[in-house]
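Enquirer: Have a look at the structure that comes next, please.
Please treat every number below as a calculation from the coordinates, not as lab data. No experiment lies behind these values; they were computed from the predicted model shown. Neighbour counts are summed over all protein chains in view; Cβ atoms, including those assigned to glycine, are modelled from backbone coordinates with ideal geometry.
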Amino acid sequence: MTATLIVKSSHPRKGFTAITQLGLKALQLALTHAATISPRLPQDLVEGLKNDIESFGDVVPGVKQARSESVAATSGQFAALADGHERARQVRATLRRVKAPADVKRAYGVGRKMRKDSVSDVKAAIQQILERAKEKPAEAEALGIVQKDLDGLALALAAITDADAKQDQRRASAPLTTQERNRIGNRILAAVARIEGAGRLEFANDATKRESFEALGAGPRGRRKVDVGREVGEAGQAIISVQSHPS
């Protein structure tokens, strides 16, 4: 029979280090008693468990990296947005100070709402300034708006657009990576449970051997929220020992 482990994407009921340690113990028991308990297990369960333990060392830090990248992308977006907002605000302030005609001020967006934390507001403000200056270059020059200012606004607009796209991409990828980590962790726990059950049944009348399998299900339940950064190193070190077990 093939393995049919139904797992969820919810956070595992144990911490990452505990999952890795349980997986390694179960794998060792399955390999040691392969001759007797294999008939009770799906034929690809042991190999799948080994692969999951190995990949878990990559997936757990991958979650931390994805979250860090999402934060960095958000910070980049804020920086680009602040720069673009300030440039557009100064153009508007200049038009007010030089007392430009009302229709000219309206054409440059003076009076229109521009929230500094809104991508759409800031992009619209910059685009309006650039379009007006392109349409009436002599007017812009007369108002003191030179090519250097327009180039700066154009660069700010491009930076905001790029940062916004990266932020959306990183934010979207983080949950997917988290779900992958959760599925692998839950799959390891499901495999451990199958191996535990097989050992309990096979050694029902052999307390000494049965205790090793019963121990897989013993102990307090792990916390649901874990410090990923602290546990990644420990889990990664534990993964190395898998390589010493032939499949």
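Enquirer: If you bin every alpha carbon distance in segment 72-163 into 10 Å steps from zero, what whole percent lands in each bin?
Expert: 18, 52, 25, 5, 0
Enquirer: I would also like to ask the following. Which FRET efficiency, nearest 0.05, do Thr208 and Glu54 yield, Cβ-Cβ r, R0 51 Å?
Expert: 0.95
Enquirer: Using 1/(1 + (r/R0)^6) with R0 = 51 angstrom and r between the beta carbons of Glu135 and Phe78, what's the FRET efficiency to the nearest 0.05?
Expert: Values: r = 31 Å, r/R0 = 0.61.
Once the sixth-power term is evaluated, E becomes 0.95.
Enquirer: Using 0.36 nm per residue, how much length does the chain from Val98 to Gln179 gain when fully extended, once their Cα-Cα distance is taken away?
Expert: Values: separation 81, 0.36 × 81 = 29.16 nm, distance 5.65 nm.
So the extension gain works out to 23.5 nm.
Enquirer: Turning to a different aspect of this structure: Going by amide H atoms built from the backbone, whose H comes under 5 Å of the H on Gly15, apart from near neighbours?
Expert: Gly222, Arg223
Enquirer: Right, another one. Need the full-extension length gain, Val146 to Arg112, defined as separation in residues times 0.36 nm minus the C-alpha distance. One decimal, nm.
Expert: 10.0 nm
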